[in-house]
1. Evaluate the following for residue 103: is it at pLDDT below 95 and touching a Lys or Arg at 6+ places or on another chain (Cβ under 9 Å)?
2. Being under 20 Å from residue 309 (Cβ atoms), open to solvent by 60 Å² or more (accessible area, probe 1.4 Å) and out of contact with any Cys (no Cβ under 9 Å at 6 or more places or on another chain), is that true of even one residue in the range 241-252?
3. Does any residue of the range 284-306 turn out to be open to solvent by less than 10 Å² (accessible area, probe 1.4 Å) and closer than 15 Å to residue 237 by Cβ?
4. Name the single residue that is surrounded by the fewest Cβ atoms within 10 Å (Cβ to Cβ) among those in the range 170-218 being among the polar types (S, T, N, Q) and farther than 19 Å from residue 160 by Cα.
5. Is it true that residue 232 is more than 27 Å from residue 39 (Cα to Cα) and aromatic (Phe, Trp, Tyr)?
6. Does residue 317 satisfy being in a helix (DSSP H, G or I), touching a helix residue (DSSP H, G or I) at 6+ places or on another chain (Cβ under 7 Å) and buried (at least 23 other Cβ atoms within 10 Å of the Cβ)?
7. Between 235, 262, which is among the β-branched types (Val, Ile, Thr) and under 16 Å from the mean Cα position of the chain (by Cα)?
8. When the range 353-363 is examined, which residues are found to be crowded, with 20+ Cβ neighbours inside 10 Å, outside any strand (DSSP E or B) and of a type in the set (Phe, Trp, Tyr)?
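The values are calculated or read from the model by the stated rules, or taken from the named source; none is laboratory data. Computed from a predicted model, the values in this text were never measured in an experiment. Virtual Cβ from ideal backbone geometry, glycine too; neighbours counted across all protein chains shown. For the accessible areas, the whole protein counts, side chains as well, though only heavy atoms, and no ligand, DNA or RNA atoms are used. Shrake-Rupley method; radii C 1.70, N 1.55, O 1.52, S 1.80 Å.
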Amino acid sequence: AGRKQRAFARRKAFSLFVKAKEVPAAARCPAGGEAVRWRCCRQAFEELSGIHRHVALQHAGDIGQHQQQQQEVGPAVEPAAAEVSPAPAGSAEALNGLSGSTPEICCVLPDTSHLSHDALTSKVGEVLLYYCYCEVRDPEKLCAWQKALCQHLHLTGKVRVASEGINGTVGGSKVATNLYIEVMLSQPLFKDVLCQADFKSSAGGAHCFPDLRVGVFKEIVPMGIDPKIVSYKETGIHLSPQEFHREVEQYLSQASQGQSDTILLDCRNFYESKIGHFQGCLAPDIRKFSYFPSYVDENLELFKDKRVLMYCTGGIRCERGSAYLRSKAVCREVYQLKGGIHKYLEEFPDGFYRGKLFVFDDRYAICSNEDIISACRYCGTLWDQYKLCSSQHCRQLVLTCPSCCNKGLTACCPVCQEKELKVTSRASGQTLKEECECTRRRPRVPVEHVLQRTLDAGK
């Protein structure tokens, strides 16, 4: 009987906690609508299963304290006398009695004996993009399992593991990627925080990556700030693609009249935003994400008292980027696009995002609309297909159209073009990865302003 009462008390505490996070109907969406039903830890939830997973993972200790307070007040009311919903699947009941302990890593590999080699290695497949923030007690063990799993399924790509979670981009056959998702969702470490919708997919395969790289790092996205100092738990408010679309629509309408108090912030690198971005966005001229904190520090006045709408490729850079921006306590509010541009384009392929979406593999970009918004480095012709700089010493990307390529203009800048002509004795295929002189001359954290012509394009 005592065990039954304790279990009921846990369910009651869980239900009351979730109930307290409900959003009033009149304020369920920043730009109107009825989608958001719960908010917690600055995140928005549209489905009951989502808020249940979040509370189970992040608030086990809070539920335990609430349960203890109930027991101190008096015995729990029997189920027949109270309106308490049963414990949902994947809720706090599943987390070892709400102890908050981290589940062990299961290192079992899936059975592929019933699958043919051709099915696992077919070049017709897809590329998966995903991340999961969670506590990982043994990153080395998770790393070893991930490497074994990807090799077992003939997947290539990049996977970053840290004590704060995992971030992966892998490619393979459709059979292999489906099995990979299935195994990841069944992994006890991710079972209550990772779901099917967290995997973004696009046409591709194992051929999109030169090899498989799995490693342990301090951060699962390299911002250069200790996760203990700026945590993903302090992130901005997540907006669904539908909510974000409405916010951008409202922003463009107000900005065209000079009345906007909002900044639409692209937190990707300059070469990403160059070939595709949201209309009316502010795109920092930074070469890598680790420069983003410096950009924010140098432009605090720009963000003062503003509502900021952030976006990136898949959502992960916004998790840390929005947390860093919020830590400066200058913005009125910070929102971010849940699932990134990937998820937005699934819902709005002809929406406010124009041009290509840059991806970090051999494809360089994927397409959702026919717009070309960038130009050839040399002649100015509309062009958005990247190639690596032809100079062996450089690893920068360059936009050079077929006509200019035929003229031998294949380097990222005149400096590299001249160096390429001089370097003739180096062994074929040997490359030295270094920052190009032209890149070093770029201003690292310039103050950017939304151009009126960009806003006009959004009308």
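1. So residue 103 fits the description; yes.
2. Yes, that holds for at least one residue.
3. The answer is no, given that none of the residues of the range 284-306 is open to solvent by less than 10 Å² (accessible area, probe 1.4 Å) and closer than 15 Å to residue 237 by Cβ.
4. 196
5. No.
6. yes
7. 235 is the lone residue from the list that is among the β-branched types (Val, Ile, Thr) and under 16 Å from the mean Cα position of the chain (by Cα).
8. Scanning the range 353-363 gives no hits.
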